[in-house]
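Step one of this worksheet: look at the structure below.
The values are calculated or read from the model by the stated rules, or taken from the named source; none is laboratory data. These numbers come from a predicted model, not from an experiment. Positions of Cβ are generated from backbone atoms using ideal geometry, with glycine treated the same way; all protein chains shown enter the neighbour counts.
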Amino acid sequence: MRAHCAAALIAAILAAVVSGVLDAGEPRFRIPEHEAAAAALNELFELHQPHAFSDCTLWDAWLPHATLWTGSEPCRRYRESFLRRRISDEGYVSMQQHRGMAHSEGWPFPAWQQSTGRGFHFSTAGDVWAIQNFKLEPLANTDGWQIEGATVLGIDPTRGLQLEATADTVRITTPTFSCGTIVAPFATIEWGADGLGEASSPQIEWKLEGEADWPLERAAAFPALAGSDGLRYVNIPLHKQPGYNGLLTQYRLTINHAKGSRIDLKSIITAIDTRHPITGPLFVRGSSELFLWTRDIAFLKANISRMRHAIDYTLAEFDVERLKHVLVPWIGHDGRSGLVPDGRGSTQQRFGHGVGNNYWDLLPFGGHDALATIYTADALRRLAEIEAAIAAHPEWEIPALPDRADKLRTLADEMRVDFQDRFWDPSKGRFVGWIDVTDTAYDYGFTFVNLEAIAYGMASKPQAEQILAWLDGTRIIAGDTSTGSDIYHWRFGPRATTKRNTETYTWPWHRPQDIPWGNQVQDGGAVLGFSYHDLMARLATKGPDDAWDRLQEILSWFAEVQAEGGYRSYYAKPGRGTLQGGGPPGGLGLDREFMESVLVPQVMLDGFLGFEPTADGYTLRPRLPRDWPSLTVRGIHLHGDVLDITAHADGRVDVTSVLSRQAP
């Protein structure tokens, strides 16, 4: 009995070590002779690390990157998240942000309420965002609807309109409405059924302005439902149908072989295509990193076909293999603004144009998309590493694809060459954000595009040097609103943009001129997390001393903020800037939904220490500033081991394995 208790105690201790729990007060990062800076760095990490998780694909490149090395719990959560991530038959990876009023697998907005569109909601259950922002209320009756072949049982507060089919064919016709097809590329339906089979072959029909009758043979099929295990979304791409152009006036749903079944209709809306072209690459990056940190072969077996499917879809959908960059073909994503200057200092909305494509969701990236190109090239390189590992380990029993790794690397290299030419503006010495379908390039001094281009290895050395000279203020670009030292006005990082933008946005952001410069994150504001790319770009281009100088500025700012009670207290004082987070727009992204703030301390691990996980171990390339005697990073979880690593100024490296997989 005593031996059993001792064994249980040992097992509990080992489990605690593996879980990533450090002793109380033990820092992750140690820098002798720079204890105050290291303390601020550890405090910054501990402030943001516990909240750095999301099922939303948008954060797959950043939150896993900054947390997978810290313990088994982040690995477990992301393992489950990646394996349940929704991927369409085509290969599009769902965004999985909160529920919205647009394409159900895309970003929540622009909503139909913002788009001159129309939505019919018999239930608003779960639609908290829409209720708060648009005062959405459910329909109380079926006035104006035509329902054939079914009896109305009632309107359920959760499932919506409930019907019992009394005939073989059920037709549900909406009231009339009017909106342009450009703001209704998809019809999105949320519905459920009990007792239907595959033979029900549901379809949607539509009328355009001036049509009195339903045109023969104009219909789009959508997947049948079987069983009664809940409501389902379906997004029907009406824009792919011949002649879908003009003013849309009515929908009709037809369901066959329905007699005796129960049908629930929660909602049907005209939907903007709010998908993002970056979800596939981000999912592949996050999944690749999970495997490299854990060497979880069961995960790779379960997920590799999904990763391959996502990349194949990305390459085909955006014509990457031919063009060597991403060209987004979706309705509303051609890179043109959703606003048009009216000549009187204001703008008019151009509904249906300027739909967001990435994290910077007010800006109409798209068309020839620089940021999507960066992420896609990165995903190709990461998947190539996984494919090479699969080929080298037949004992994993994962089918290898001959020459796949080489082909992916070659394409990524070709994309890098194209990127450096296509998106570079030699007159300004920086990269533009995107080029629309009319070949108009958009440049508002996108610091995040330029720094990520360097950090992801897409910029040449001369280009990187010009970019940092601009950001450091030693090179002034004519026409910019912010130049010189003002680029780092917010101290913790550069402004997201350095040129005032009052005309190039998605249409719901229709009065940008009313927001002062710097009071909007995407117009002169700044996001803390992406200072990581600034640090990594400096480390790669100007060396560790320059990166350390910048990091010290960040840590001095953070210590000052913490001394005054944290972000919210510090920025409550007038003149310091406006915080975004939790709803209201603002100029600075630091906390709440800005979970990527956890990225900044990551420069210690994969920047200064130069640690990189591989399928068979890890590589190290320490790059220490001149005044660091050493750097220690503790609690690095890799392949079941927990490592403490110290890199010394003289080149020595000490590695301590806290727990080995082979430990008894």
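For the reader, a short list of remarks on this structure follows.
- Of the residues screened, V340 is one that is over 19 Å from the mean Cα position of the chain (by Cα), closer than 25 Å to T181 by Cβ and outside any helix (DSSP H, G or I).
- Taking the conditions (1) over 30 Å from W396 (Cβ atoms); (2) buried (at least 16 other Cβ atoms within 10 Å of the Cβ) in turn, D627 satisfies each one other than (2).
- When W557 is tested against the conditions (1) part of a helix (DSSP H, G or I); (2) crowded, with 22+ Cβ neighbours inside 10 Å, the lone failure is (2).
- In the stretch 345-457, counting only helices (runs of 4 or more DSSP H) that sit wholly within it, the ones holding 3 or more residues that are touching a strand residue (DSSP E or B) at 6+ places or on another chain (Cβ under 7 Å) span 447-455.
- For the stretch 199-215, a residue qualifies if it is within 35 Å of the chain's Cα centre (by Cα) and not aliphatic (A, V, I, L, M), and the qualifying residues are S201, P202, Q203, E205, W206.
- Sub-6 Å Cβ pairs linking a first residue in the stretch 407-429 that is in contact (Cβ under 8 Å) with a residue 60 or more places away in the chain to a second residue that is of a type in the set (S, T, Y), at least 6 apart or interchain, are F419/T373, ordered by first then second residue.
- Qualifying residue in the stretch 86-96 (condition: of a type in the set (A, V, I, L, M, F, W, C), modelled with pLDDT under 95, outside any loop (DSSP other than H, G, I, E, B) and under 18 Å from S54 (Cα atoms)): no
- Residue check, G197 surrounded by fewer than 21 Cβ atoms within 10 Å (Cβ to Cβ), more than 24 Å from T124 (Cβ to Cβ) and modelled with pLDDT under 95: yes
- Taking each residue of the stretch 480-497 that is closer than 16 Å to S531 by Cβ and among the basic types (K, R) and looking for partners that are part of a loop (DSSP other than H, G, I, E, B) and modelled with pLDDT of 95 or more with beta-carbon atoms closer than 7 Å, six or more apart or interchain, yields R495/S482; R495/H489; R495/G525.
- Test: residue in the stretch 563-573 that is of a type in the set (A, V, I, L, M), touching a Ser or Thr at 6+ places or on another chain (Cβ under 9 Å) and within 30 Å of N133 (Cβ to Cβ): no
- Test result for A370, under 30 Å from V340 (Cβ atoms) and either touching a Phe, Trp or Tyr at 6+ places or on another chain (Cβ under 9 Å) or at pLDDT below 95 (or both): yes
- Scanning the stretch 263-289 for residues that are more than 17 Å from the chain's Cα centre (by Cα) and either polar (S, T, N, Q) or part of a helix (DSSP H, G or I) (or both) yields S267, T270.
- Flag for P622 being closer than 30 Å to A384 by Cα and in a loop (DSSP other than H, G, I, E, B): yes
- The residue list N133, N141 contains one member that is part of a loop (DSSP other than H, G, I, E, B) and without any contact (Cβ under 8 Å) to a residue 24 or more places away in the chain, which is N141.
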